[in-house]
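For reference, the structure discussed in these notes is given below.
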Amino acid sequence: MTEKGQFPYPGVDTTADGSTAVVWVETHATTGAAAYPITPSTNMGVGYQQAVADGKKNVWGDTLVFMEPESEHSAASVCEGYALTGGRVSTFTAGQGLILMKEVLYTICGKRLPVVFNIGARALTVHSLNVHAGHDDVMGVVDCGWGMLFARNAQETGDLCLIARKTAEDSYTPFFNIQDGFLTTHTVETMKLLEPECIKTYLKPPTEALQNMMDPAHPIMSGVVQNQDAYMKGKIAQRGYYEPMKAILSRNMEEFYRLTGRRYGLIESYQMEDADYAIVGMGSFMETAKSTVDWLRKKGEKVGVINVTSYRPFPGAELVDALKNVKTIAVLERMDESSAPENPLARDLKSAFLDALWGHSEFTKVSRVPVIQHGSGGLGGRDVRSSDFIAILENMKKGAAGTIRFAVGVKHADAISWEGQEPDIRPAGSFSTRGHSIGGYGSVTTNKIMASVCGDLFDLKVQAFPKYGAEKKGLPTTYYLTIGPQHIAFHQDLNVVDSVLINDLNAFRHSDALAGLRDKGVVILQAQEKDLKVLWKGIPTKVKEEIRQRKLQVYALDALGIAKEVVTSAELLQRTQGILLLGVFLKVTPFAAERKMNQQQLMDGVEKVLRKYFGKRGEEVVQNNLTCVRRGYEEVLRLSDELIASN
């Protein structure tokens, strides 16, 4: 939560995804990293490795180092050894890679090495392989003794990375900085990067904060073998590191607020002052929960949200204080521990209420426990939608008679759903686009550049989210972009859009490409046919009728033809078609006209963003892309109302 006021380091405005936010912090704060690539954390490791290749130094002038060993287990071992010598180190991993590290995670913690591992949380391979978001990987290592912070968006990912680092070093406890795979690691959003001076002010230099345990002049024995007479003493003695952890983390969050104006807590309570019902969870879908609760509040529903930022140390007393007066609690988790009565967060919440019920000294004593429902949603990156949270509220109203262990988003005996018309939970004044393309066409990059251009040029908040999948190269894919005056606080496929970009006309045949498009909205077609009459004739009859009835505006561009004139590489020929549509997008959307910007002002801004993405590939690549954007802007054609009305 950002507050207005005079703060010394409010941040540098930019558009970036969660991976970029982490790389920014770690390349300024650490001295080294070791990682083995695994989706969806790979971009973090690649970003760090690129910084090393560029000769980047951290804020204290240390030259960064990077190692890519043969596995995630080895990467964790490298980090252990690096930390033992007093180095400030990080890694980036996900899914099975994190589980493979587990043996080393115990020893890193046991030696009290204050490292930070950045996780792109991913579903584990169980009945099948999945590379998308899930929390079963991080919950699979929860017993290793590490601190665990969960981010909801790119801003929180970068901020919590720094907070985790300071808290790890102050408490001698390693930390995981966790963001949802793809949903946060790859979603481009408006955010503020931490100023290098802020990082330098907040953290001590590595030489002051860390201890070299491998100094021959001051030898320390660690990792020894202990028998019955000694092992338990050392293990129980480690409790002393955890007792002050919550206070240390809270103190560091408060110091971060004083520097930046962005306030964090162990938990965040939202609309809870008079709530009868509460949704509790962690990660990106909790932003969707907040936006849905705003809509529900307007309907008179007394429902609130509790987001858990710190899972370890566990904020049991804080959760009880926030939830003790509600009738029913619903805990939603991005995993399903089928063999247990409930998932981990719900289990810990129940334990906290039991401590409060019998009068544990650290808890506010309670005389009753609310009904605690618990469920699973969003496994493997599946959508958790506003309609799912409405269903959760309806289930909570039933109390103990409701479905206690539920699931959302699938058909199952335990599933709950809401059949009403799903609300539009976007901020007022938002403009959204859905693209239909082919994997490998460069549409994902185009979507990110659109977000950057609109964020930088028009001073708007943006969110660009592509539907990733390794199997989608050459196959149909979709991507989403929302632009608005406020933070885009939801993570779901858009149910309402203002424009649709069709990179491949076959989208009309294999999907409902106009679904959710507002009446009088914009359709942008990428088509080789320059004769608009012939183009219109080739569109399926059913689609043409819908365009007429809903009075949609249709634009067309021969992107392939222009691409052939600009580039020669066959690979670039495919990807260039996507960047051409950026010019079309700028032409047909209202942002430039509302700000009375001319074409030259637009193109100057576009060039700055293109240099951000393509500058390292050379001036020719930048200019080729800029030419494509300019020609897309100038050469797009609109199908006349007369042509659309004709048969």
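The values are calculated or read from the model by the stated rules, or taken from the named source; none is laboratory data. Predicted model, so just to flag it, every value in this text is computed and none were measured. Don't worry about glycine lacking a Cβ; one is built from the backbone with ideal geometry, like all the others, and counts go over all protein chains shown. Each accessible area value is taken on the protein alone, full model and side chains, heavy atoms only, with ligands, DNA and RNA left out. Shrake-Rupley method; radii C 1.70, N 1.55, O 1.52, S 1.80 Å.
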Please report the relative contact order for the range 70-182, taking Cα pairs under 8 Å with a sequence separation of at least 6, and give it as a percent rounded to a whole number. 29
Lys551 to Gln211: FRET efficiency via 1/(1 + (r/R0)^6), r the Cβ-Cβ distance, R0 60 Å, to the nearest 0.05? 0.30
Would you calculate, for the chain, the mean residue ellipticity at 222 nm contributed by helices, counting each DSSP H stretch of 4 or more residues as -39,500 (n - 2.57) and dividing by all residues, to the nearest 500? -12000 deg cm²/dmol
Across the Cα atoms of the range 588-647, what radius of gyration and what greatest pairwise Cα-Cα distance (Dmax) are found, in Å? 15.5, 50
Total charge dipole magnitude, the range 237-328, about the Cα centre, Cβ charges on Lys, Arg, Asp, Glu only, Debye to nearest 20: 80
Whole angstrom only: what separates the Cα centroid of the range 320-370 from the Cα centroid of the range 9-55? 36
What distance in nm separates the two pseudo spin-label positions at Lys299 and Gln528, each 7 Å out from Cα along the beta-carbon direction? 4.9
Compare the Cα positions of Phe92, Gly61, Gly45 along the charge dipole of the range 44-141 (+1 at Cβ of Lys, Arg; -1 at Cβ of Asp, Glu; about the Cα centre) and return the one farthest towards the positive end. Gly61
In degrees, nearest 10, the alpha-carbon axis of helix 619-635 is tilted away from the dominant principal axis of the alpha carbons of the chain by 50
Charged-residue dipole, Cβ positions (Lys, Arg, Asp, Glu), the chain about Cα centre, Debye nearest 20: 860
In whole angstrom, and with the biggest value first, how far do the Cα coordinates of the range 366-501 range along each principal axis? 55, 35, 29
Mean shadow of the range 248-333, computed from the convex hull of its alpha carbons, in nm²? 6.0
The Cα radius of gyration of the range 1-142, divided by 2.2 N^0.38 Å with N its residue count, comes to 1.10
If one computes the Cα centroid of the range 272-310 and of the range 440-467, what distance in Å separates the two points? 28
Alpha carbon convex hull of the range 454-565, volume per residue in cubic angstrom: 144
Just the accessible area per residue of the chain, please: how many Å² with a 1.4 Å probe? 42
To the nearest 10 degrees, how steep is helix 72-84 against the longest Cα principal axis of the chain, on a 0 to 90 scale? 50
Two-decimal log10 I(q)/I(0) for the range 287-419, as the Debye equation yields it once each C-alpha is a single scatterer, q = 0.12, 0.16 Å⁻¹: -0.46, -0.84
Give, in nm to one decimal, the length gained when the segment between Lys235 and Thr541 is fully stretched (0.36 nm per residue of separation minus the Cα-Cα distance). 102.9 nm
At 7 Å along the Cα-to-beta-carbon direction for both Glu103 and Val12, put a label point, then send me their distance in nm to one decimal. 4.2
So how tilted is helix 245-260 from the main axis of the chain? Cα-based, degrees 0 to 90, rounded to 10. 40
Percent antiparallel among DSSP beta bridges confined to the chain, nearest 5, equals 35
For Ile438, the residues 5 or more places away or on another chain with a placed amide H closer than 5 Å to its own amide H are Thr477
Along the dipole axis of the range 213-288 (charges at Cβ: +1 for Lys and Arg, -1 for Asp and Glu; origin at the Cα centre), the most positive-end residue among Leu266, His218, Pro244 is His218
Which of Thr207, Ala428, Ser74 sits closest to the plus end of the dipole of the chain, meaning its Cα is farthest towards the positive end, when Lys and Arg get +1 and Asp and Glu get -1 on the C-beta? Ala428
Using only the alpha-carbon atoms, what does the chain span along each of its principal axes? Please give whole angstrom values in decreasing order. 89, 62, 51
What distance in nm lies between label points placed 7 Å from Cα along the C-beta direction at Gln486 and Thr63? 5.0
Students often forget the sequence filter, so: which lysines lie under 24 Å Cα-Cα from Lys192 once same-chain residues fewer than 8 apart are removed? Lys4, Lys56, Lys57, Lys166, Lys200, Lys204, Lys290, Lys448, Lys461, Lys608, Lys612, Lys616
Longest span of the chain, sites excluded, free of GluC sites (Glu not before Pro) in DSSP loop with at most 11 other C-beta atoms within 10 Å? 420-647
Using unit Cβ charges (K, R positive; D, E negative) and no other charged atoms, how large, in debye to the nearest 20, is the dipole of the range 190-263 about its Cα centre? 360
Relative contact order (percent, whole number), the chain, Cα cutoff 8 Å, 6+ residue spacing: 11
On the accessible surface of the range 74-137, probed at 1.4 Å, how many percent belong to carbon and sulfur atoms? 63
Mind jotting down the distance between the C-alpha centroids of the range 565-642 and the range 526-562, whole Å? 21
Please report, for the Cα atoms of the range 39-93, the Rg to one decimal and the Dmax as a whole number; what are they, in angstrom? 11.5, 31
